[in-house]
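To keep things clear, I will list the structure first and then write my remarks on it.
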Amino acid sequence: MVAIPLALALVAGEPPPVSAPAEVTETVTVPRRIVVGVIEGGRIDAVAVVQALRGHLADLEVGPTVEARPSASLAEQLGWARERLAEGVGAVVWVEATSGQGSAVYLLLGAPERLYTRHLDTPDDPLETREILGVVIRGLVASLATSEAPADMEIIAVPVPEERPPPPAPAPPAAAPPPKPPSEPRRRLLLGLGYAGSSYAAQLPWASGLGLELGFLDRSGMVVAVGAAGLLHPVLTPEVGQQTRDDARLRVGRVGFTLRAGFRFPLGARRRVFVEPTVAGRGEVIVWRPTAGSQASGGTGLRVGAALTVGLGVELGRGLALALSAGLDVWVRNFDLVARTPVGTTPLVRPPNFGATAGLGLTWVR
């Protein structure tokens, strides 16, 4: 007689956890669904098994479903049965041929997990075999319903499946870096407007006017700017020898140009005050014109020099600052104002090589 491997599955209830084998007599509800595994290539027809089980289980209200199963080792069948338990099956039964005549019946239960087995004499007649299977499966289902251990079955140790560690929790998304504040441009435009004053000579001690400046302020604090200023002196009444010449009165003006470079250093905790030392190159055009009724002649002259200046400022907000500056001028090419007479030339104004400048105004940085 040829033994025919067969796998049967009873399906019910909740997915059970795995524990050590033990005799359990707790109440178990009747499974409402049975999955019958039929070994592929065997002599038992799956449809015939379904019909036999429906007849034997009709009064228990259990509906069988057939599932074809390939021939496999006990470990592989256990793996399949555990998958069914994890899907909500309450019990799994499979039958496989033994080395001699008959078959071995296995029953796997959950909550806790335990495995039973018994030898089953199955004849060569397929009809008798499926009827025997129907009777045996009905007995197993009935024993579960009456809280009894499966009749004529021995419990065997169940190899505990190796638990796989749960997949690592996904790393929380990296927090988005805070938005960077808009970076300050490397160079910012610098504009200046205000009062300008400068000394010239003893006869014309001080000139006042308006100064303009255009340049840039670097991120490092470096300042480079060009400036222009228009200065006007009081009316000059020349003295020739010991005589004052009211008929040769002159109005003297100066137009200055500056190229300066330096650094702005903020002071204090709030950095609203700054000091700004610079060096500058200067050029001036001297212009004189006779006043009304004067017999003097007009003319122009040029002088060139350098200067050291120091500025002190206070930030007012929105890029505006109030700035005060003072400087020392060194004239390397000076210009004397002289009068031409029938007997030659006579100096009227002879400026020194050193002078002073001052400024007060607003600067705007953008």
Exercise for review: Could you list, in sequence order, all residues of the range 326-360 that are free of Cβ contacts under 8 Å to residues at least 40 places away in the same chain, touching a Ser or Thr at 6+ places or on another chain (Cβ under 9 Å) and open to solvent by less than 70 Å² (accessible area, probe 1.4 Å)?
Suggested key: Ala326, Val338
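Taking only the range 243-269 into account, find how many residues are outside any strand (DSSP E or B) and in contact with an Asp or Glu (Cβ under 8 Å, 6 or more places away or on another chain).
So in the range 243-269, the residues outside any strand (DSSP E or B) come out as 245-249, 264, 268-269.
If we keep only those that are in contact with an Asp or Glu (Cβ under 8 Å, 6 or more places away or on another chain) too, we end up with 245, 264.
Of the residues in the range 243-269, 2 are outside any strand (DSSP E or B) and in contact with an Asp or Glu (Cβ under 8 Å, 6 or more places away or on another chain).
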Exercise for review: Please find, among Ala225, Ala229, Ala207, the residue that is without any contact (Cβ under 8 Å) to a residue 40 or more places away in the chain, touching a Phe, Trp or Tyr at 6+ places or on another chain (Cβ under 9 Å) and open to solvent by less than 20 Å² (accessible area, probe 1.4 Å).
Suggested key: Ala225
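In the range 314-325, which residues are open to solvent by less than 90 Å² (accessible area, probe 1.4 Å) and touching a strand residue (DSSP E or B) at 6+ places or on another chain (Cβ under 7 Å)? Full working, then the answer.
Here is the first cut: in the range 314-325, the ones open to solvent by less than 90 Å² (accessible area, probe 1.4 Å) are 314-315, 317, 319-323, 325.
Matches in the range 314-325: Val314, Glu315, Gly319, Leu320, Ala321, Leu322, Ala323, Ser325.
Got at least one residue in the range 303-313 being part of a strand (DSSP E or B), open to solvent by 70 Å² or more (accessible area, probe 1.4 Å), modelled with pLDDT of 95 or more and not β-branched (Val, Ile, Thr)?
Applying the first criterion (part of a strand (DSSP E or B)) to the range 303-313 yields 303-313.
When the remaining residues are screened for being open to solvent by 70 Å² or more (accessible area, probe 1.4 Å), the result is 308, 310, 312.
If we keep only those that are modelled with pLDDT of 95 or more too, we end up with 308, 310, 312.
Subsequent filtering for residues that are not β-branched (Val, Ile, Thr) retains 308, 312.
For the range 303-313, residues part of a strand (DSSP E or B), open to solvent by 70 Å² or more (accessible area, probe 1.4 Å), modelled with pLDDT of 95 or more and not β-branched (Val, Ile, Thr): present.
So, in the range 318-338, exactly how many residues are over 30 Å from Phe265 (Cβ atoms) and assigned to a strand (DSSP E or B)? Steps first, please.
In the first step, residues of the range 318-338 are kept if they are over 30 Å from Phe265 (Cβ atoms); the result is 333-338.
Next cut, assigned to a strand (DSSP E or B) only: 333, 337-338.
So the answer is 3.
Can you tell me which residue among Asp246, Asp218 is under 20 Å from Arg366 (Cβ atoms) and either touching a strand residue (DSSP E or B) at 6+ places or on another chain (Cβ under 7 Å) or surrounded by fewer than 16 Cβ atoms within 10 Å (Cβ to Cβ) (or both)? Talk me through it step by step, then tell me what you get.
Working: Asp246 fails: under 20 Å from Arg366 (Cβ atoms).
That would be Asp218, the only listed residue that is under 20 Å from Arg366 (Cβ atoms) and either touching a strand residue (DSSP E or B) at 6+ places or on another chain (Cβ under 7 Å) or surrounded by fewer than 16 Cβ atoms within 10 Å (Cβ to Cβ) (or both).
The values are calculated or read from the model by the stated rules, or taken from the named source; none is laboratory data. Remember, predicted model here, so these are calculated numbers, not experimental data. Heads up, the Cβs are rebuilt from the backbone with ideal geometry, glycines too, and the neighbour counts pull from every protein chain shown. For the accessible areas, the whole protein counts, side chains as well, though only heavy atoms, and no ligand, DNA or RNA atoms are used. Shrake-Rupley method; radii C 1.70, N 1.55, O 1.52, S 1.80 Å.
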